[in-house]
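Notes follow the structure.
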Amino acid sequence: MAKFRTTAGQNKTHDSLEPMRTRFPQDSCIFGEGDLGLAMYVIESGEVEIRKMMGAEERVLAVLGKGDFFGEMCMLEEETPRTAGAVAKTDVEAVMIDQSAFSFILRHNPEIAVRMMRKLVVRLRQTTRLLEDALGHSIDLEESGLTDGPKAALDPTARLVEVGTGTVFPLADQRETTVGRIDPVTGIHPDVDLTHVDTKRSISRRHARVLREEDGSYSVVEDVAAMNGTFVNGVRLSAGRPFPLKVGDVVVFGTTQCRFEMDAPSTAE
């Protein structure tokens, strides 16, 4: 598989796109069940076992070979624990792909996106079947409330302000604030819904995330496959790679301009 690079354009890019080849010797652990997912892999040679603990026993769920991919869930949901482990059954050569490179690949080779969707459909059917077996009746997931998440509390000290109208969008009082437009198909509601100020419909349903770091600083991350880009003070971001924010920075989601504001910390008398 070839390496992927972006070409220079009118706007600067935060980082380059460079999937990395890596080798795993036979019987080595590629990642463990419960590890945080940071990258997916495409096998160039060798075989990989996908393993999961079932009670006290570890079972092999699948054996993958050349051209197969695994670990892809973290491309859609970053920093979530791996639901299964991966072990090299033989010596393995693979391409490791982070979110930024994955976004580039989707734009240039949509076949991998279709394959992922098919794989997720199979998983959903299997999960639905298990739930129906456990409950003893059929389930309509769209009406079950399973897709509805709790609404996050608002942070009174940090916000995005849409430049044109002055509309204030408080950030969520948690580590991550999602930015985008309501998606009626999936039922996913972003913490910051820019639908009403995005008159050109340039913002993806799940466009970006604003992260609050442990030291109180903030950064912004463009999500995978956001179609019209995210910019900070004119610098275009690469998907999946955090870019630090400072008070007064102008963040452009698609064509919608927002200013990042944060109250100064109070000082004890």
Among Ile139, Ile112, Ile182, which is modelled with pLDDT under 70 and surrounded by 12 or more Cβ atoms within 10 Å (Cβ to Cβ)?
Ile139
Restricting the search to region 220-249, which residues are crowded, with 16+ Cβ neighbours inside 10 Å, of a type outside the set (Phe, Trp, Tyr) and part of a strand (DSSP E or B)?
Val220, Val221, Glu222, Thr230, Val232, Arg236, Leu245
Residues of region 66-105 classified as among the small types (Gly, Ala, Ser) and assigned to a strand (DSSP E or B), total:
4
Could you tell me whether region 185-206 includes any residue that is in a loop (DSSP other than H, G, I, E, B), among the hydroxyl-bearing types (Ser, Thr, Tyr), outside the structural domain of Leu76 (by TED's automatic domain parsing) and surrounded by 16 or more Cβ atoms within 10 Å (Cβ to Cβ)?
yes
Can you find a residue in region 251-262 that is touching a strand residue (DSSP E or B) at 6+ places or on another chain (Cβ under 6 Å), in a loop (DSSP other than H, G, I, E, B) and outside the structural domain of Ile105 (by TED's automatic domain parsing)?
no
Conditions (1) without any contact (Cβ under 8 Å) to a residue 60 or more places away in the chain; (2) in contact with a Leu (Cβ under 7 Å, 6 or more places away or on another chain); (3) over 24 Å from Glu72 (Cβ atoms) -> Asp198 fails only (2)
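The values are calculated or read from the model by the stated rules, or taken from the named source; none is laboratory data. Since we're looking at a predicted model, the values are computed, not measured. Counting neighbours? That spans all protein chains shown, and the Cβs are built from the backbone with ideal geometry, glycine included.
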